[in-house]
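Read the structure below first, then the notes.
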Amino acid sequence: MGDLAGGRVVLAVHGTRSRDGQAVSAALRDAVAARLDGVTVQLGWADVLEPPLVRTLEETGACVLVPVFMTVGYHVAYDLPKAVRDSGGRAVVTPHVGDAILDAVVERLAEVDADPEAVVLGAAGSLRPGSVAEVGAAAARLASILGCPVTPGFVTSAQPTVAEAVAALRAAGYGRVSMASYFLAPGVLPGRLDRAGADVVARPVGVHPLLVDAIVDRYVATLPTVHGRPTGTP
């Protein structure tokens with residue numbers, strides 16, 4: 001693919017102190033590497049864990065940086081581009097994963113509720129309105145897929161909270177409220193979904209084939225034009 005990217009991919013992930021969450025990130029790296037023969041795939045922590053992303057990018061050199069995030073929150077909008085700049089500007093940044101994996105969210109929900117009556121789409125939350133709007137749009141798409149009401153709910157930084165969203169659906173007359181997880185791996189924030197009062201809670205997406213596909217697709221999309229593409233935000 002040329003000397004700009006050099007056959008190297010860095011998966012930018014949030015980072016978590018949860019051992020289960022770290023294991024999911026490592027397994028995702030391995031699953032992507034298995035699909036990209038001859039390409040070096042590694043993790044880059046956007047928060048919580050060491051080394052910081054900027055150091056990983058400095059040591060990696062020219063590469064493709066895939067933001068493994070559900071929305072364009074602060075990390076994707078600011079931290080990742082800053083890490084690219086501060087490390088020498090040698091990484092090509094792809095679009096984030098986003099709702100390309102919504103069908104995987106549906107599958108995880110079906111594991112605990114095959115016929116939901118009403119659903120809260122539990123997400124991280126952000127102070128960026130665009131990020132909150134992305135979750136709202138994903139909830140609308142999910143409602144269309146499931147054929148039932150779906151309300152977005154957030155565990156931090158945005159309203160309604162997941163508990164408020166569950167309570168609002170119950171107040172509207174729904175007897176069973178299910179929680180879909182708009183998270184990729186276990187951790188502190190995903191764990192809060194269990195305490196929101198829903199009848200059942202889906203697990204995070206994890207190492208789902210659709211997530212691996214989305215990451216591979218974003219890498220492959222850089223191949224025809226990688227020499228001429230600017231670095232920076234997606």
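Only the coordinates and a few stated rules stand behind these numbers; no lab work does. Quantities reported herein were computed from a predicted structural model and do not represent experimental measurements. Cβ coordinates were reconstructed from backbone atoms using ideal geometry, including for glycine residues, and neighbour counts include every protein chain displayed.
Here the dipole of the range 102-201 is about 320 debye; that uses its Cα centre as origin and unit charges on the Cβ of Lys and Arg (positive) and Asp and Glu (negative).
When Rg and the Kirkwood radius Rh are both evaluated on Cα atoms of the chain, their ratio Rg/Rh stands at 0.99.
Helix 102-112 and the long axis of the chain differ in direction by around 50°, with both axes built from C-alpha atoms. The stretch between Asp217 and Arg19 holds 68.5 nm of extra length on full extension. This uses 0.36 nm per residue minus the Cα-Cα distance. Length available on full extension from Ser144 to Glu59: 0.36 nm per residue minus the Cα-Cα distance, which gives 26.1 nm. Placing +1 on the Cβ of every Lys and Arg and -1 on the Cβ of every Asp and Glu, with nothing else charged, gives the chain a dipole about its Cα centre of roughly 420 debye.
With contacts taken as Cα pairs under 8 Å and at least 6 residues apart, the range 10-167 reaches a relative contact order of 18 percent. When peptides 99-106, 55-62 are ranked by their average number of other Cβ atoms within 10 Å per residue, the highest-first order is 99-106, 55-62.
Most tightly packed first, judged by the mean number of other beta-carbon atoms within 10 Å of their residues, the peptides 146-154, 68-76, 190-198 read 68-76, 146-154, 190-198. The stretch between Ala26 and Val188 holds 56.5 nm of extra length on full extension. This uses 0.36 nm per residue minus the Cα-Cα distance. The angle between the Cα long axis of helix 162-171 and the main principal axis of the chain comes to about 30°, on a 0 to 90 degree scale. Rounded to the nearest 0.05, what FRET efficiency do Ala114 and Ala172 give with R0 = 25 Å and r taken as the Cβ-Cβ distance? Could you check? Efficiency computed from Cβ-Cβ geometry: 0.70.
From helices alone, the chain scores -11500 deg cm²/dmol at 222 nm; the rule is -39500 (n - 2.57) for each run of n ≥ 4 DSSP H residues, then divide by the residue total.
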